[in-house]
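FYI, it's all coordinate maths here, none of it is from the lab. Remember, it's a predicted structure, so these values are computed and weren't measured experimentally. As a convention, Cβ positions derive from the backbone with ideal geometry for all residues, glycine included, and neighbour counts pool all protein chains shown.
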Amino acid sequence: MRTLEWEDNKLKLIDQTKLPDELTYVYCSNYKQVITAIKDMIVRGAPAIGVSAAFGMALAQLAGEDMEKVAVEMKNARPTAVNLMWAVDRVMKAENMLDEALEMAREDINTNLAIGEYGAELIDDGDTVLTHCNAGALACVDYGTALGVFRSAFNQGKNIQVICDETRPRGQGASLSVWEMQQEGIPVKLIPDVASGYLMSIGKIDKVVIGADRVAHDGIANKIGSFMVALAAKRFDIPFYVAAPISTFDKEISIFDTEIEERDPNEVIYYGGARICPEGTEVINPAFDIVPKDLITGVITEKGVFDLNNLEKDFKELF
Ligand code: MRU
C-alpha cells in the first residue's frame, strides 16, 4: 500500500478522511492543493506530511513559482511535525526538486524497514502491544514506524496482539491503525482512549510503541493523549517506546518549546456527524502533547534504539 505516489506529473494521495469505508485517491496538480490536503488531513502523519510537502514544492518549481514564498506557505500548513520543515528545507537546497522528492520517498520506505527490524527485537512472542493514533504506512510513504515495528515482529512469526487507542477527536487509531492491521491479518483490537490505564493495571498490556512528530533531547511530541498513556505505562513499569526516523529529530529546541497545533473546535463538538454537547460549548482542542524523556524507555530509529536518559554522546552529535 502506497500512501502517496508521483503519477502522471501529479501527487496521488490516499484520501485518509474516507477510510476505512472507502479507499479513494486525491490528485494534486499544484502546490496549493498539497497544502490543502495537509491542512485537511487527507494526508497526515509526520513522514507522510514531509514527503508530500516535498512533492508540493516540486509542483511549484515545475510551475515556475517564487520558491521562497512557497516554502513559507508550505511550512505553515501544519506547525508541529518537524518533518514538514525538514523536507521543505531539504528540497530548497536541491536543483531538481522532483528528483529530490522521489529520493525522499524511497528513503522513507527503507528507513521504516530498518526501524521495523530494530523495533521487532524489542517485541517478544506472545506480547500484547498498545499504540496510539496512527504511526503506520498511512503516516509515511509505506510500512510505518510504530506499526512497522508490529509488521516486522509479526512477519518474523511472533504471535502478537495489537491494541489500538481510538484516538479522539479525529479517531486515527480506530479508522486507520485498525484498518491497516486488519489488511495484513495482524490480530488487532480497538479500545476507547480512556481504557488503556485500566488494561495496564490488570496486566493486559506488555509494551507501548507510538510514533512522534518531533524528537528533541528532552522528550518527544506526538498525538494528544500520548502523555497520559506514557504516565500510565510508567505507573505499571510497562516499557514505552517511540519509533521515529531521524528526520523527526530536532536538535535545536527543547521539546517543551514545540508549537502545539490547535485545531477546529468542531472536531470535538461533533462525533460521527452528530453534535455531542450543548450548542455554543467552548472547546479546547490541542492536536499534540509532550512526553518528557523520563517516561520514555527508548527511541527506535533507523540507526538503532536510543535511551534519551542515557545517551553515549551529546544529542546534537548523535547523527
Ligand atoms: O494529526 P496526525 O494524524 O498527523 O498525527 C499523527 C501522529 O501523531 C503520529 O503519531 C506521528 O505523526 C508519527 S507518524 C509516523
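Enter the angle in degrees (range 0 to 90, nearest 10) between the Cα long axis of helix 226-235 and the first principal axis of the Cα atoms of the chain, meaning the one along which they spread out most.
So the inclination is approximately 20 degrees.
Ile160: net charge of surrounding residues, Cβ under 13 Å, Lys/Arg +1, Asp/Glu -1, itself excluded?
Spelling it out: positives minus negatives among the neighbours equals -1.
How much length is gained on full extension from Thr128 to Asn155, taking 0.36 nm per residue of separation minus their Cα-Cα distance?
8.2 nm
Give me the extension gain from Lys39 to Asn96: residue separation times 0.36 nm, minus the current Cα-Cα distance, reported in nm with one decimal.
Full extension from Lys39 to Asn96 adds 18.0 nm.
Rounded to the nearest Å, what's the spacing between the alpha carbon centres of region 143-173 and region 1-42? Just the number, please.
Region 143-173 and region 1-42 have Cα centres spaced 22 Å from each other.
Which value, in debye to the nearest 20, describes the size of the charge dipole of region 122-318 about its Cα centre when Lys and Arg Cβ atoms bear +1, Asp and Glu Cβ atoms bear -1, and nothing else is charged?
Dipole about the Cα centre, nearest 20: 480 debye.
Mind ordering 49-61, 23-35 by average Cβ neighbours within 10 Å, highest first?
Packing order, densest peptide first, comes out as 49-61, 23-35.
Using 0.36 nm per residue of separation minus the Cα-Cα distance, give me the extension gain between Leu113 and Lys234 in nm, one decimal.
Length gained between Leu113 and Lys234: 40.7 nm.
Count neighbours as other Cβ atoms within 10 Å of each site's Cβ, and list the GluC sites (Glu not before Pro) in region 86-173 that are DSSP loop with at most 11 such neighbours.
Glu95
Label point 7 Å out from Ile284 along Cα-to-Cβ: which residues of region 148-187 have amide N under 18 Å?
The answer is 168-170, whose backbone nitrogens lie closer than 18 Å to the label point.
Obtain the nm distance between the two label points defined at Asp15 and Ile276 by a simple spin-label model: each point lies 7 Å from its Cα along the Cα-to-C-beta direction.
Computed distance between label sites Asp15 and Ile276 equals 2.4 nm.
How large is the dipole of region 197-294 about the Cα centre if only Lys and Arg carry +1 and Asp and Glu carry -1, each at its Cβ, rounded to the nearest 20 debye?
560
Select from His217, Ala195, Ile14 the residue farthest towards the positive end of the dipole of the chain; place +1 on Cβ of Lys and Arg, -1 on Cβ of Asp and Glu, and compute about the Cα centre.
Ala195
Could you tell me which residue out of Ala87, Val51, Ala77 lies farthest along the dipole of region 4-110 toward its positive end? Charges go on the beta carbon: Lys and Arg +1, Asp and Glu -1, centred on the Cα centre.
Going by the charge dipole, the pick is Ala77.
Could you give the distance between the Cα centres of region 189-253 and region 95-120, to the whole Å?
So the two Cα centres are separated by 24 Å.
Give, rounded to the nearest 20 debye, the magnitude of the charge dipole that region 63-150 has about its Cα centre when Lys and Arg contribute +1 at Cβ and Asp and Glu contribute -1 at Cβ.
Charge dipole, region 63-150, about its Cα centre: 360 debye, nearest 20.
Please list, by residue number, every one of the GluC sites (Glu not before Pro) in region 254-307 that is coil in DSSP and has at most 11 other beta-carbon atoms within 10 Å.
Qualifying residues, ordered by number: Glu279, Glu282.
List, largest first, the extents of the alpha carbons of the chain along their principal axes, each in whole Å.
Largest to smallest, the principal-axis extents are 59, 54, 38 Å.
7 Å from Cα along Cα→Cβ at both Arg2 and Lys313: what's the point-to-point distance in nm?
That separation, rounded to one decimal, is 3.5 nm.
Projecting each Cα onto the charge dipole of the chain (Lys/Arg +1, Asp/Glu -1 at the beta carbon, about the Cα centre), which of Val34, Ile269, Thr145 comes out farthest on the positive side?
Ile269
Can you tell me the FRET efficiency between Glu68 and Asp264 if r is taken as the Cβ-Cβ distance and R0 is 30 Å, rounded to the nearest 0.05?
With a Förster radius of 30 Å, E is 0.55.
Straight-line reach only, C-alpha to C-alpha below 26 angstrom: list the lysines that Lys93 could link to, leaving out same-chain residues fewer than 8 apart.
Straight-line reach from Lys93, under 26 Å: Lys10, Lys12, Lys32, Lys39, Lys69, Lys75, Lys251, Lys303, Lys316.
Return an integer: the convex hull volume of the alpha-carbon atoms of region 4-110, in Å³ per residue.
Residue-normalised Cα hull volume stands at 91 Å³.
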